[in-house]
Amino acid sequence: MTSPESASPSRPAKAAGFALLGVAAVALVIGIVSLFSGGSSDTPPVAGGSSTTPPPVATTSASAQASSEQPPVSSSAAGTTSASPTVPASSVVPPPPVTQPGTAKAPVRIYNNSTITGLASRASDEVRASGWTVEGTGNYSGGTIPTTTVYFRPGTDEEASAKELASVLRARVEPRFDGIQSSAAGIILIVTNDYQGVSKNK
């Protein structure tokens, strides 16, 4: 009777001891598992993922800043390559506008101051053939002109055209004198007995 009564209280104690051991074992297993899982998670997924996420963000912003800084650099580099502006400048250096004013010839009026009938008409044909526009012909009776002369208004573009025409006709070139000062704009050619016509060597 005594042994069964004393055995009954020892069983609960053993059961409780086993239960504690079981809990401790489970806790130990959980701790080990969490330790291993924590270490392993540090390497590939958790730490790698979380720590990898900020650097890409920083890298992306850094690259964005770098890329935003690069355009100014490239634009300044493009500005530094002033070869392209220099090329247009050099291409403008050949003067087509200068050629155009030279080509645009002032109109000419031709007056006969010689004893040769029809000399103004003959001269007008040669002047037209040389590229000038003849606006009229007539006789000049305001005095005697010593030699065939091309007259121009000083300070105008007539001067260059008058010199060119005088060279073609082998004539003298001078500014207008008082007798023809009030005439309409353009070159005035007064032909005399020494009119030679267009130079064959032109």
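Judged by the gyration tensor of its Cα atoms, with axes a ≥ b ≥ c, the range 100-191 is oblate; a/c meets the 1.5 cut and b/c is at least as large as a/b. Subtracting the Cα-Cα distance of I180 and R128 from 0.36 nm times their residue separation leaves 16.5 nm of extension gain. Excluding same-chain residues fewer than 8 positions from K200, which lysines have a Cα within less than 16 Å of its Cα? Qualifying lysines at Cα under 16 Å: none. Classify the range 149-202 from the C-alpha gyration tensor, please: rounded if a/c falls under 1.5, else prolate or oblate depending on whether a/b exceeds b/c. Because a/c hits 1.5 or more and a/b fails to exceed b/c, the range 149-202 counts as oblate. Amide H contacts of V134: V108, each under 5 Å away and 5 or more positions distant or on a separate chain (H built 1.01 Å from N in the peptide plane; Pro and chain starts excluded). As a proxy for reagent exposure, ranking T149, T144 by other Cβ atoms within 10 Å from fewest up yields T144, T149.
No lab work stands behind these numbers, since they all come straight from the coordinates. These figures come from a predicted structure and were not determined experimentally. Methodologically, a virtual Cβ is constructed for each residue, glycine included, from the backbone with ideal geometry; neighbour enumeration extends over all protein chains shown.
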